[in-house]
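**Student:** Before we start, here is the structure in question, set down as structure tokens.
No value in this document is a laboratory result; all are computed from the given coordinates. All values derive from a computational prediction rather than experimental measurement. Every residue, glycine as well, gets a Cβ built from its backbone with ideal geometry; the counts of neighbours run over all protein chains shown.
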Amino acid sequence: KNIESEFSERINKTELLSSQLSKDLDISKKLNEKLKIELNHYKRKTDSLKKECEKGIRTEELAMTQAKELKDAKEVNEKLEEGIEIARQEGAAYKQALEHALTVTELPPARPASSLTSISSAIRRMSDHS
């Protein structure tokens, strides 16, 4: 009878362990489901952060491109302003030279009106003779 009771005890212990393992397995399955849900949540969050980073990188690249374009435009503008200033100086020098030339050039004296009348009379006489 001793063997039977020992065997029965072992069966009871095995059944208890089996029951406990079954409960532990259920708990493990539930934890596994929760972990899958969390994992999916963090995957979505990671994807979202990755997209934000890529957008930030594109924005930074665009900003760098725009900064270079702005620098180039400023350089062109400076050259144009230099050209305008040179043209302004050349124009002022030309104007000054023209004004000087006008002051030193002598114009022929104006003819009196009577002399213009005599010239036109002479031209008429010449045309009458021909």
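**Student:** Return the FRET efficiency for the residue pair Asp26, Thr46: r is the Cβ-Cβ distance, R0 is 35 Å, and the value is rounded to the nearest 0.05.
**Tutor:** Plugging the Cβ-Cβ distance into 1/(1 + (r/R0)^6) gives 0.70.
**Student:** Need the list of lysines near Lys55 for cross-linking: C-alpha distance under 21 angstrom, and skip anything on the same chain fewer than eight residues off.
**Tutor:** Candidates past the 8-residue exclusion: Lys43, Lys45, Lys68.
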